Each structure stands twice: as structure tokens, then as C-alpha cells.
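Taking it in order: structure first as C-alpha cells, then the write-up.
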Amino acid sequence: MTEDRFKDWKPPEFDERGFTKWNWWCQHHQNLKLGIKTDIGAFTYMNAKFGIEIGDYVQVASHCAIYSYSTIDNKKGKVIIKENAKIGSHCVIFPGITIGKNAIIGAGAVVTKDVPDNAVAIGIPAKVVRYID
């Protein structure tokens, strides 16, 4: 973790449509819990209808989609992304998923199952390929 990464970090403010000034969007943002010094990339979309909890120092790259509710199959559940996890660009995270502390999700991954602490997961669907010391 780099304490200095966001020396002047402040929680985001949402406009009436759920957008931030950094061009990421969250529907039902009242159900979004962000830890300190999180970094959410531009054009990321979150549906927090059933809750999204993002821990301290998490990085979510641009163009990701995080769903606590899927209107396609009516799945729902809180999404938890634990401290210091890193989510690559263009990832999709489905309802009810937990991504562990220090986990890394490769760009373009589709996360349909929980990812443990210190794991690296890639692919469609995302699979753990190794662990970080």
C-alpha cells in the first residue's frame, strides 16, 4: 500500500444521476461503502442496489462493471472487494461476489465466483492462476 498515492483523497460526491466528477457511475450510491484512498477508474459502472463494499486502498481500473443485482437472471447479493485488491480494466463482477484482500483480477475477467485473499484470477470465467506471497 502506498499511503502517499492519494495524499489529498476525499470521498466522491455524486450528482443527481449518480455520476462522479471522475466519470464513474453508481446507481443506488447510498448503498455503496468506499474505504479510504480507493481509486475507481473512469467509465466504471456500479449497481449497488443490494450493496457494494470496497475496502481501503482498492484500485478498480476503467470500464469495469460491478453488479449487486442482475436484471437478466434476477441474481442479487452484496459485492465485497477487500483491502488493497486490484481490478483490471473491463472486468465484470457479478452479484454476491467477494474478492479477497490483496487479490488481483486480470483485465477483461468475468468474476462469477469468490476470489480468495492474495490470489491472481484471470479469464472468462475468472479462475485463480496463482497466489501472491
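Report those strands (runs of 3 or more DSSP E) wholly inside segment 10-75 carrying at least 2 residues which are closer than 20 Å to ASP114 by Cα, at pLDDT 95 or above and out of contact with any Ser or Thr (no Cβ under 9 Å at 6 or more places or on another chain).
32-34
Restricting to segment 20-42, give me the number of residues that are among the hydrophobic types (A, V, I, L, M, F, W, C), under 19 Å from VAL92 (Cα atoms) and in contact with a strand residue (DSSP E or B) (Cβ under 8 Å, 6 or more places away or on another chain).
6
Determine which member of the set GLY18, GLY35, GLY55, GLY41 is in contact with a helix residue (DSSP H, G or I) (Cβ under 8 Å, 6 or more places away or on another chain) and of a type outside the set (A, V, I, L, M, F, W, C).
Just one listed residue meets the conditions, GLY18.
Criterion first (touching a residue at least 60 places away in the same chain (Cβ under 8 Å), under 15 Å from the mean Cα position of the chain (by Cα) and under 25 Å from ILE124 (Cβ atoms)) does ASN84 satisfy it?
In short, yes.
The values are calculated or read from the model by the stated rules, or taken from the named source; none is laboratory data. Everything numeric in this text was worked out from a predicted model, so none of it was measured. Quick reminder, even Gly has a Cβ in these numbers, built from the backbone with ideal geometry, and neighbours come from all protein chains shown.
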